[in-house]
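One structure is given here, and the rest of the page talks about it.
Derivation of every value follows stated rules applied to the coordinates shown; laboratory data play no part. Here the structure is a predicted model, which is why all the values come from computation and not from measurement. Cβ: placed from backbone, ideal geometry, glycine included. Neighbour counts: every protein chain shown.
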Amino acid sequence: MHHTQLSKRHWLLILTLALLTFVLGTSEFVIVGILTDISSSLHMTNAKAGTLVSAFALTFAIATPLVMSATSHFPKRKWMLFLIGFFIALNALCVISTSYIMLLVLRVMTAIVTGVLISLAMIVASETMPTNKRGLAISFVFSGFTLANVVGVPIGIVIAEWYGWNAIFMLTTLLGGLAFAASFFVLPTRLSQVRSSIRDQFSLLIQPRILIAFFIPALGFGATYAVFTYLVPILKGMGAPNSSISLILFGYGFLSIFSNILANKIASHNAIGRLRFVFLVQAIVLTTLFWTTNHFILGLANIGLMSLMAILLTTSTQLYLIDLAEIYKPEAKGLAASLMPVASNVGIAFGSALGGIVYHQGNLMNVTWVGGIVAICASLLTFFSYHLDHKQKKMA
């Protein structure tokens, strides 16, 4: 492996892709912060507004692999620019949306565009960089997504407080325009196009190893989102004043930047071996919230730890899926690259729905138990995957 440095061009591309995932992430996550505003403005329950989160995630999860497989032969640059344009249009329509149904339809369509664009960003990052810099490039591109949680969501909440929730979509529309301009100038023209049938691509998904690797991040994200989706009500229950909630969420997001840096470190060596224990720690962190939230400061510290654990799995699982595809189905690498963002959304949908069910049963804080149990399941799968890797190495 010859170590190559990243050129200015490489960095420009990485930053453009990170800007793109930042815009897409902001549009996806901002709903969590404004659920209560939407529900009161459209006269419905918080739980019904919560379906906007689960519907987005569910659509993202189902549609992304389908569209990725069907369009693998499209010229990537043109296709990405078209999708960003479509994203801008959808967000502009959300600004004037006045009914739950209209909002739901627009969000579902945005989810499809978001899923495909994030996967394409991952592939472009993965195939245009020197091999030894792939992990770095991917964690950067993913950090746009993380940063969306940090900066996008709190800014969104503040805008919603001042101008109403519709105004948030004006922000995502403008950001979309920015991403379009950057992509137009920076995206390279010569990018891979793979002619292979959808059936060929989808045969990747029946590989048991790929399925196991897919459910690791799905459960990891599910654990976090069982709790994170209901973070605002939890904070209110802890006695956080309304004015401080966006600040606390900002702090939450800020800590997840460190989670992203650590994710790159974990991916650097024996990633799957290390993740086995990451999930066990995550389980402990989530479960202890049940008690610590009785004290404001302890609760906040614990929520901070939850943020630090939240995305440690991203870079490792992203590269793991691409590398497993390399072994089992090289022509389906594009589909493999989409699996990590898809898995994270399966986790978000599943986690927020599971949390919602428990929340409905009466005690909000029981969502912390759900999170802990799901994290333990993620750990068990990782132990199993690690074991299979070792068996394969011995046989080889």
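Report the Cα centroid-to-centroid distance between the stretch 305-322 and the stretch 1-79 in angstrom, as an integer.
17
Lysines within cross-link reach of Lys76: Cα-Cα under 27 Å, excluding same-chain residues under 8 positions apart?
Partners found: Lys8, Lys133, Lys329, Lys333.
Considering amide H positions built from the backbone, and no H for Pro or chain starts, which residues 5 or more places from Leu6, or on another chain, come under 5 Å of its amide H?
none
How about the stretch 178-261: which trypsin sites (Lys or Arg not before Pro) there are in a DSSP loop, with at most 13 other Cβ atoms within 10 Å of their Cβ?
Listed in order of number, the matching sites are Arg190, Arg195.
How much length is gained if the chain between Ile373 and Ala181 is pulled fully straight, taking 0.36 nm per residue apart and subtracting their Cα-Cα distance, in nm to one decimal?
Extra length available between Ile373 and Ala181 comes to 64.7 nm.
What is the Cα centroid distance between the stretch 149-194 and the stretch 337-386, reported in whole angstrom?
So the two Cα centres are separated by 28 Å.
Using a simple charge model, +1 on the beta-carbon of Lys and Arg, -1 on the beta-carbon of Asp and Glu, nothing else, what dipole does the chain show about its Cα centre, in debye to the nearest 20?
That gives the chain a dipole magnitude of about 980 debye.
Kindly point out which whole DSSP H helices in the chain project their C-alpha atoms 27 angstrom or further along the helix axis while averaging a Kyte-Doolittle hydropathy of 0.0 or above.
Long hydrophobic helices here: 8-41, 46-70, 76-95, 100-128, 166-186, 208-228, 242-267, 271-292, 333-360, 367-395.
Can you give the relative contact order of the chain as a percent, counting alpha carbon pairs under 8 Å and 6+ residues apart?
27
Compare the peptides 10-17, 116-123 by average per-residue count of other Cβ atoms within 10 angstrom and give them in order, highest first.
Averaged packing, sorted descending, gives the order 116-123, 10-17.
So for the stretch 62-219, considering every pair of alpha-carbon atoms, how many percent are separated by more than 20 Å?
60
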